[in-house]
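Below is one structure, written out as structure tokens; comments come after it.
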Amino acid sequence: MKKKLGFFFLLPLIAGAQTMSIEEYEPKSTLVVPEHHVTRAKYPFIDIHSHQNGLMPPERLDQLVRDMDALNLRILVNLSGGTGERLKNAVANMKGRYPDRFVLFCTPDYSGIDDPGWGERAAAQLEKDVRNGAQGLKIFKNLGLTLKGSDGERIPVDDPRFDPLWAMAGKLRIPVLIHTGEPAPFFQPHDRFNERWLELKEIPSRARPPDRYPSWETIMGEQRRVFRKHPDTVFINAHLGWLGGNLAELGRQLDEMPNVHVDIAAVLAELGRQPRFARQWFIRYQDRVLFGKDTWAPTEYHTYFRVLETADEYFDYYRKRHAFWKMCGLELPDEVLKKVYYKNALRLVPGSNAAGFPE
């Protein structure tokens, strides 16, 4: 009788477990280990990968700077500067109020891309945008994924129409920060083996099925051909080139192409689950990696600081759908940390004010 009563007593609990969705499952770790919560970076840093409204009103700009100060964020690079008059106005707004706290990158205008001479006109516009205050060129992921010509065909990343643009960036000695493709799992079947299953379930539009998109290997191959074809142009490959889960291959590519650098924006979860190898990799490629965050959310920077600066074990990432696993710290050496935080960016981005950064 006792066994039967016990069974019936457990039925509601069993039923509750069966009806709970995987999205609701958030177990709390019982592990007790040393913790070092870092809310302010050890050194002043440059965020090479951010997106802001360059025309934001003064009160919002002031709040942005206050948030930056709290994080020890000395210079923020706004990749969404636009081109032409929009860029001029954004530069006047952001750098006019805070001359040394912001850097703006411009973006190409793809209007008339099928017209003869588009590449030369785009290069001339880039030169004009740099005269108007742009300090780099940003290429968004629509190139290679969704940008199409008038014939409805996808325009590949290595389309020769872009050659004058890449060459002009090299001539002007400005970096090209390029986001190509998406994480490889987005292109893979959305099944039980897919590591980003939860994210694709929550946001189905992120899937890149083969009947609508080229393969991940195709797009990334196009990107690498651009890097090789323009060795005099400095490229910053956003998001570790989506190779944060294969750092050995990323290192091989960096060895092959000395004009290429990478940022760590939105791929911290890849580094935090392989702390020993990632630490070795950062030390080896310390001159090629730049700090970036992407989405503006000040408290999320704390996880970046904790992964890069501490030796903490088994702590939460800030977004479950990106990483259902835990993070561990890399505890990077100070000199490596300084390069990732600011020295590499100061070297690559012309006109950056080095005041306020330690030697």
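Numbers at a glance
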{"read-out": "The range 127-145 - residue that is in a loop (DSSP other than H, G, I, E, B) and touching a strand residue (DSSP E or B) at 6+ places or on another chain (Cβ under 8 Å) and, of those, nearest to Trp242 (Cα to Cα)", "value": "Gly136"}
{"read-out": "Filter result (on the phi < 0 side of the Ramachandran plot, loosely packed, with under 10 Cβ neighbours inside 10 Å and not polar (S, T, N, Q)) within the range 149-165", "value": "Asp151, Glu153, Pro160"}
{"read-out": "Helices (runs of 4 or more DSSP H) completely within the range 222-290 that count 3 or more residues being touching a strand residue (DSSP E or B) at 6+ places or on another chain (Cβ under 8 Å), aliphatic (A, V, I, L, M) and crowded, with 21+ Cβ neighbours inside 10 Å", "value": "none"}
{"read-out": "Hits in the range 249-271 - residues which are free of Cβ contacts under 8 Å to residues at least 24 places away in the same chain and over 28 Å from Pro164 (Cα atoms)", "value": "Glu249"}
{"read-out": "Strands (runs of 3 or more DSSP E) (entirely within the range 19-111) containing at least 1 residues that are crowded, with 18+ Cβ neighbours inside 10 Å and free of Cβ contacts under 8 Å to residues at least 60 places away in the same chain", "value": "73-78, 102-104"}
{"read-out": "Qualifying positions in the range 176-213 - over 17 Å from His322 (Cβ atoms) and surrounded by fewer than 18 Cβ atoms within 10 Å (Cβ to Cβ)", "value": "Pro189, Asp191, Arg192, Phe193, Pro209, Pro210, Asp211, Arg212"}
{"read-out": "Some residue of the range 116-126 being assigned to a loop (DSSP other than H, G, I, E, B), out of contact with any Leu (no Cβ under 6 Å at 6 or more places or on another chain) and of a type outside the set (Val, Ile, Thr)", "value": "yes"}
{"read-out": "Criterion violated by Pro358 - all others in (1) farther than 24 Å from Ile178 by Cα; (2) free of Cβ contacts under 8 Å to residues at least 60 places away in the same chain satisfied", "value": "(2)"}
{"read-out": "Phe315 surrounded by 15 or more Cβ atoms within 10 Å (Cβ to Cβ), out of contact with any Gly (no Cβ under 6 Å at 6 or more places or on another chain) and over 28 Å from Pro175 (Cβ atoms)", "value": "yes"}
{"read-out": "Checklist (1) over 26 Å from Arg288 (Cβ atoms); (2) within 16 Å of the chain's Cα centre (by Cα) applied to Ser215, failing item", "value": "(2)"}
{"read-out": "Residue match in the range 309-321 (condition: under 20 Å from the mean Cα position of the chain (by Cα) and under 30 Å from Pro258 (Cβ atoms))", "value": "yes"}
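Read-outs: derived from the displayed coordinates by stated rules, not from any lab. Since the model is a prediction, treat every value here as computed from it, not as a measurement. Glycine gets a Cβ as well: all are built from the backbone with ideal geometry, and neighbour counts include every protein chain shown.
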